[in-house]
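The values are calculated or read from the model by the stated rules, or taken from the named source; none is laboratory data. All figures in this text were calculated on a predicted structure; none of them were measured in a lab. Here the Cβ is made from the backbone with ideal geometry for all residues, glycine too, and neighbour counts use every protein chain on show. Just the protein is used for accessible areas: all its heavy atoms, side chains included, with ligands, DNA and RNA removed. Shrake-Rupley method; radii C 1.70, N 1.55, O 1.52, S 1.80 Å.
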Amino acid sequence: MITETNDDLKDRVGWLAYVESLGRALTASETLEVTLAADDGEPERTTVHTLLVGNCGMLQGGITLLPDADPRDGELDLLLLSAQGAAGWADTVRNMVWDNGLKRLATGVVEAQSSDSAAHGRVRALRVELAEPRVLEIDGEDLGTATAFAVEVQAAAVRVR
């Protein structure tokens, strides 16, 4: 989605430019085989469209992608999107807007809820291997393509005042 964002449009309308690029990304979505190893556990193969890793869950515009994310908890939050086709993306949107949005607020559900196309998780470290090169982005910046990467949390590494 981020690599598809039109920079001129982003300069004019800010974060709303991502909505336009999201529509293009969804219609051109392809899933990819990945191998994930969390917290020194055994590697597991899965198929994803998008893997998000973060410790802050709210995006500009009030969109919450990682509802359990807390930069103070010493864990990274994961979102694995595996939607294919209109039904899969409808499930993803329902999961974000209803399950982890309105329903969560109304019922006080504590943990992020997963669905068939949107799986949530929490780790301290994650190793990722991709079946083929894909664009790697960090905080919206395109770092080029990669076939493997690792991330880990460094608890109390940043002090915010």
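Worth pointing out:
- Test: residue 151 is of a type in the set (Val, Ile, Thr), surrounded by fewer than 17 Cβ atoms within 10 Å (Cβ to Cβ) and part of a loop (DSSP other than H, G, I, E, B): no
- Criterion violated by residue 130 - all others in (1) open to solvent by less than 40 Å² (accessible area, probe 1.4 Å); (2) part of a strand (DSSP E or B); (3) farther than 24 Å from residue 38 by Cβ satisfied: (3)
- Subset of segment 100-119 that is within 18 Å of residue 73 (Cβ to Cβ) and among the charged types (D, E, K, R) - its residue that is surrounded by the fewest Cβ atoms within 10 Å (Cβ to Cβ): 111
- Of the strands (runs of 3 or more DSSP E) lying entirely inside segment 34-99, those carrying at least 1 residues that are more than 17 Å from residue 115 (Cβ to Cβ) and open to solvent by 30 Å² or more (accessible area, probe 1.4 Å) are 44-48, 50-54.
Residue-by-condition table, conditions (1) over 14 Å from residue 76 (Cα atoms); (2) in contact (Cβ under 8 Å) with a residue 60 or more places away in the chain:
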{"position": "121", "(1), (2)": "no, yes"}
{"position": "129", "(1), (2)": "yes, yes"}
{"position": "132", "(1), (2)": "yes, yes"}
{"position": "143", "(1), (2)": "yes, no"}
{"position": "146", "(1), (2)": "yes, no"}
{"position": "150", "(1), (2)": "no, no"}
{"position": "153", "(1), (2)": "no, yes"}
{"position": "159", "(1), (2)": "yes, no"}
